[in-house]
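Asker: One structure, as structure tokens, below. Some questions next.
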Amino acid sequence: MRLVTHGDSAPSSVNRYLLPHEQQVIMVRRHPAILLRPVAEVFGGLIIAGLLSRWLSSTAGGEALVIVWWAWLLLLIRFVWKVAEWSVDYFVVTSKRMLLTTGLITRKVAMMPLGKVTDMSFQRSLLGRMLGYGEFVLESAGQDQALTNINYLPYPETLYLEVCSMLFPGSDASDD
């Protein structure tokens with residue numbers, strides 16, 4: 001795993017939101033577990049479509065059979081869309097702020113300056129521990145922020161330590 005991207009350029013979908021004076025420190029794509037539900041829907045739909053096809057073919061329902069397979073095709077198209085969205089979603093930590101870029105057509109960029117974060121924690125469900133993802137919970141003093149929860153993050157412990165070291169740097173001996 002490589003969190004620090006020395007000299008690598010961010011994808012253009014992310015790079016356009018970085019300021020000239022910012023240094024990109026961490027950039028990760030969200031965990032593929034975010035696709036578990038769409039995968040289950042496609043396979044479940046395939047099983048149901050197969051069973052309905054068998055049942056409808058014996059009752060001579062040709063039109064209904066076409067509708068069943070068109071419905072499954074829509075599930076498949078939705079799955080492909082979710083994969084395409086996942087492929088352009090990134091969590092980025094720069095020297096100044098945290099960003100979460102999402103969306104394929106309607107692009108959404110949620111951002112929180114590092115200086116505004118007063119507390120940060122992460123949590124992992126049982127499935128998250130088994131598959132290796134977690135959720136960050138960010139707190140900030142004052143008004144509501146655009147970025148408070150970031151779910152499906154890979155390597156949550158490592159990311160947590162890296163981000164916390166940026167948020168709350170240790171004191172130098174010269175600070176005495």
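Every read-out reported here was derived from the displayed coordinates using simple, explicitly stated rules and does not represent laboratory data. These figures come from a predicted structure and were not determined experimentally. As a convention, Cβ positions derive from the backbone with ideal geometry for all residues, glycine included, and neighbour counts pool all protein chains shown.
Asker: R0 = 41 Å: FRET efficiency of residue 119 with residue 73, Cβ-based, nearest 0.05? Write out the running numbers ahead of the final one.
Answerer: Details: r = 46 Å, r/R0 = 1.13.
Efficiency at R0 = 41 Å is approximately 0.30.
Asker: Relative contact order (percent) for region 36-84, with alpha-carbon contacts under 8 angstrom and 6 or more residues of separation? Show your work: numbers first, answer last.
Answerer: Details: 23 pairs, mean separation 24.6, N = 49.
This gives 50 percent for region 36-84.
Asker: Counting Lys +1, Arg +1, Asp -1, Glu -1, what net charge surrounds residue 36 among other residues with beta carbon under 13 Å of its beta carbon?
Answerer: Details: positive: 30, 37, 82; negative: 41.
Around residue 36, the charge tally is +2.
Asker: 222 nm [θ] for the chain, helices only, -39500 (n - 2.57) per DSSP H run of 4+, per residue, to 500? Don't jump to the answer; show the numbers that get you there.
Answerer: Working: 5 runs with 72 residues, N = 176.
Using -39500 (n - 2.57) per qualifying helix, the result is -13500 deg cm²/dmol.
Asker: What's the angle, to the nearest 10 degrees (0 to 90), between helix 36-58's Cα axis and the longest principal axis of the chain?
Answerer: 0 degrees
Asker: Expressed in nm², what is the orientationally averaged projection area of the convex hull enclosing the Cα positions of the chain? Write down the numbers at each step before the final one.
Answerer: Values: hull surface 58.0 nm².
Orientation-averaged projected area of the Cα hull: 14.5 nm².
Asker: Can you compute the charge dipole magnitude of the chain about its Cα centre, using +1 on each Lys and Arg Cβ and -1 on each Asp and Glu Cβ, nothing else charged? Give it in debye, rounded to the nearest 20.
Answerer: My answer is approximately 740 debye.
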